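The values are calculated or read from the model by the stated rules, or taken from the named source; none is laboratory data. Note that the structure is predicted; figures quoted are calculated from it, not measured. Cβ placement follows ideal geometry from the backbone for every residue including glycine, while neighbour counts extend to all protein chains displayed. When the accessible area is computed, the model is the full protein with side chains, heavy atoms only, and any ligands, DNA or RNA have been set aside. Shrake-Rupley method; radii C 1.70, N 1.55, O 1.52, S 1.80 Å.
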Amino acid sequence: FKMDTTAESYLDLFPLDAIVYLTPDSENVLEDIDPDKVYVLGGLVDESIHKQLTLRRAREQCLRTARLPIREYMVKAPNSRNYHSETLAINQVFDVLSTYYETRSWPAALRAGVSSGKGYVLPDTAEQ
């Protein structure tokens, strides 16, 4: 993938109605990738999880939000810690999005980007 970097804010580079801020706290499910939209991967450089922080940031900037369809395509896997998290690292979100863009398959994309350590698996692997 070709990437350009800049110190400029995405708010200065793109119209607000073209931006979709991806956050695991959104109520809106990302159903498809629109090539006319700009997807901002909401993330923090932090080891702890700050609930609702990226959602609040997007709302303050009056941006549309969406989350990956983890709940829609995956199931909670039993694990000793009873741990389940839809919060992914930036590289995992990128892997999910790029795989979805190539395959147009959410199950394939989620398999590529959501590690079993998150406590979610695809239904066909739930009993393994």
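Restricted to region 1-117, the set of helices (runs of 4 or more DSSP H) holding at least 1 residues that are of a type in the set (S, T, Y) comprises 10-13, 53-60, 70-73, 90-103.
One residue stands out among those in region 9-53 that are modelled with pLDDT of 90 or more and acidic (D, E): the one that is surrounded by the most Cβ atoms within 10 Å (Cβ to Cβ), which is D25. Among residues belonging to region 103-124 that are among the β-branched types (V, I, T) and in contact (Cβ under 8 Å) with a residue 24 or more places away in the chain, point out the one that is surrounded by the fewest Cβ atoms within 10 Å (Cβ to Cβ). Across region 103-124, the extreme among qualifying residues is V121. All told, R56 falls short of being over 18 Å from T87 (Cα atoms), at pLDDT 90 or above and either touching a His at 6+ places or on another chain (Cβ under 7 Å) or basic (K, R) (or both).
Candidates in region 54-88 are the residues that are open to solvent by 50 Å² or more (accessible area, probe 1.4 Å) and among the hydroxyl-bearing types (S, T, Y); of these, the one that is nearest to D34 (Cα to Cα) is Y73.
Working only within region 89-102, note down all residues that are open to solvent by 30 Å² or more (accessible area, probe 1.4 Å) and among the hydrophobic types (A, V, I, L, M, F, W, C). Within region 89-102, A89, I90, F94 qualify.
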